[in-house]
Structures are given as structure tokens and as C-alpha cells.
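The next block holds one structure in the form of C-alpha cells; read it before the comments.
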Amino acid sequence: MNFVDKPWERIVDDVLATTGHRLVLELNPAPDYWWDCDVIFDGIVKGTSGFTLPEDEEAFVVELADQLCEGYLHEEIWGGWPICPDHGTHPLEPSLDQSGIAMWLCPIGRAVARIGSLRP
């Protein structure tokens with residue numbers, strides 16, 4: 001996978017655009033195709049997540065967004081993140097759409113936005 005483009009920055013952009021919070025993700029290779037991701041939220045190190053990298057960039061963005069939401073962001077941003085703009089009662093879920101694009105989906109409705117394109 002090409003990390004020149006830093007696809008994880010799309011998640012960082014969505015957090016900043018919708019909350020004003022600063023998320024920093026520092027990805028580091030580890031042995032045997034394993035990667036560590038240090039999670040820094042508003043300047044405070046929150047922890048490290050580990051994962052193997054999917055070959056597909058869009059699948060990588062979905063997997064990382066899911067880990068970040070479940071492990072950090074639902075707790076750091078009270079009430080879950082990102083909140084569904086249609087219902088306001090539950091967070092959106094990261095998923096690949098039928099075209100293989102990483103999207104934020106309402107779990108009971110529609111695709112809301114491409115990951116990296118959320119707006120307040």
C-alpha cells in the first residue's frame with residue numbers, strides 16, 4: 001500500500017470538521033506485516049492499536065475508522081462519533097459501499113458521506 005497519500009488523514013479530517021478536536025494518527029510498521037497506530041487526541045496520547053494492512057486502501061480506511069471509533073472516538077466524543085445527521089441518535093458506521101468506496105453509513109438508512117468528506 002502507498003503511504004505517501006496517508007489515507008488515514010481522511011479520518012483525521014472528518015474528526016476536525018465535525019468536532020473541532022485534533023486527532024493525530026502515527027502509523028509505524030511492526031514485524032510480520034503488523035502495524036501499530038498511536039492515537040493522539042487533542043495532544044494527549046490515548047493508546048496504540050495494532051492491525052494488519054489490507055491490500056486495498058479503501059478497506060484499510062474502513063478497518064482503521066472502525067477500530068478508532070470502537071476503541072477511542074465513541075468515548076472521547078461523548079455520545080459516539082460520528083453522529084448520524086438523519087437521526088441524531090446513533091453513530092454512523094464505516095463500511096465499503098457497493099463500489100468499494102469507504103463510506104460513513106447510517107445503520108438503518110443510507111450512505112451519508114465518503115470517509116474524509118463529513119461536514120458539520
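The values are calculated or read from the model by the stated rules, or taken from the named source; none is laboratory data. Being a predicted model, the structure only gives us computed values, none of them experimental. Cβ coordinates were reconstructed from backbone atoms using ideal geometry, including for glycine residues, and neighbour counts include every protein chain displayed.
Of the residues making up the stretch 85-99, those that are small (G, A, S) and either touching a strand residue (DSSP E or B) at 6+ places or on another chain (Cβ under 6 Å) or surrounded by 15 or more Cβ atoms within 10 Å (Cβ to Cβ) (or both) number 1.
For the stretch 1-27, which residues satisfy the criterion of being among the basic types (K, R) and at pLDDT 95 or above? Step through it out loud before you land on a result.
Initial filter on the stretch 1-27 (among the basic types (K, R)): 6, 10, 22.
R10, R22, listed by residue number.
Is there a residue in the stretch 66-77 that is out of contact with any strand residue (DSSP E or B) (no Cβ under 6 Å at 6 or more places or on another chain), of a type in the set (D, E, K, R) and under 18 Å from N28 (Cα atoms)? The answer is no, given that none of the residues of the stretch 66-77 is out of contact with any strand residue (DSSP E or B) (no Cβ under 6 Å at 6 or more places or on another chain), of a type in the set (D, E, K, R) and under 18 Å from N28 (Cα atoms).
Out of G71, G88, G100, G79, I need the residue that is of a type in the set (G, A, S) and in contact with an Asp or Glu (Cβ under 7 Å, 6 or more places away or on another chain). Which one? Full working, then the answer.
Numbers: G71 fails: in contact with an Asp or Glu (Cβ under 7 Å, 6 or more places away or on another chain); G88 fails: in contact with an Asp or Glu (Cβ under 7 Å, 6 or more places away or on another chain); G79 fails: in contact with an Asp or Glu (Cβ under 7 Å, 6 or more places away or on another chain).
Only one candidate qualifies: G100.
Within the stretch 58-71, the residues that satisfy the criterion of being surrounded by fewer than 17 Cβ atoms within 10 Å (Cβ to Cβ) and either of a type outside the set (D, E, K, R) or in contact (Cβ under 8 Å) with a residue 40 or more places away in the chain (or both) are A59, G71. Restricting attention to the stretch 44-54, does a residue exist that is surrounded by 17 or more Cβ atoms within 10 Å (Cβ to Cβ), within 15 Å of the chain's Cα centre (by Cα) and closer than 17 Å to D13 by Cα? So far as the stretch 44-54 goes, no, none of its residues is surrounded by 17 or more Cβ atoms within 10 Å (Cβ to Cβ), within 15 Å of the chain's Cα centre (by Cα) and closer than 17 Å to D13 by Cα.
Taken together, G116, G100, G80 contain a single residue that is touching a helix residue (DSSP H, G or I) at 6+ places or on another chain (Cβ under 7 Å) and free of Cβ contacts under 8 Å to residues at least 12 places away in the same chain, which is G80. If the condition is being surrounded by 11 or more Cβ atoms within 10 Å (Cβ to Cβ) and either acidic (D, E) or closer than 15 Å to I11 by Cβ (or both), then the stretch 106-120 contributes V112, A113, R114, I115, G116, S117, L118.
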